[in-house]
Amino acid sequence: MRRLPPALAAEATPRILELLGDPPGDVLELGFEGIHAEPLRLAGFEVTVVARDRAERKSALARAGDPVHREVPRRWFQAVLAPEGTDLSGIRAERRFIVNADGSVFVG
């Protein structure tokens, strides 16, 4: 998984909100250290943040608050948000929002 600079990743948030449509919905944020969590929560979405290593979890807790998961919970999500190149196999989600290295968003 390629790490995007936080400012570039955050630029994708308005587009993600537009593409998600109206809440409610359960969204998995994977690999962004909580950057998208608060705006999505303020819009009315339930957000589950996953940060796999210690430094990422620390940043995610500061941005998104508790809880921050180490592993993806085994349940269905309306959408998953992840950086380009993230392995999403085994994640059950209706839609996948991939943030590319240039900040653009691909929906799959």
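The values are calculated or read from the model by the stated rules, or taken from the named source; none is laboratory data. Computed from a predicted structure; not experimentally measured. Here the Cβ is made from the backbone with ideal geometry for all residues, glycine too, and neighbour counts use every protein chain on show. The protein model used for the area step is the full one, side chains on, heavy atoms only, and it has no ligands, DNA or RNA in it. Shrake-Rupley method; radii C 1.70, N 1.55, O 1.52, S 1.80 Å.
Scanning the range 81-104 turns up one or more residues that are modelled with pLDDT under 95, open to solvent by 30 Å² or more (accessible area, probe 1.4 Å), out of contact with any helix residue (DSSP H, G or I) (no Cβ under 7 Å at 6 or more places or on another chain) and at positive phi.
You will find that of Leu42, Leu61, Leu17, the residue that is touching a strand residue (DSSP E or B) at 6+ places or on another chain (Cβ under 7 Å), without any contact (Cβ under 8 Å) to a residue 60 or more places away in the chain, surrounded by fewer than 22 Cβ atoms within 10 Å (Cβ to Cβ) and among the hydrophobic types (A, V, I, L, M, F, W, C) is Leu61 and no other.
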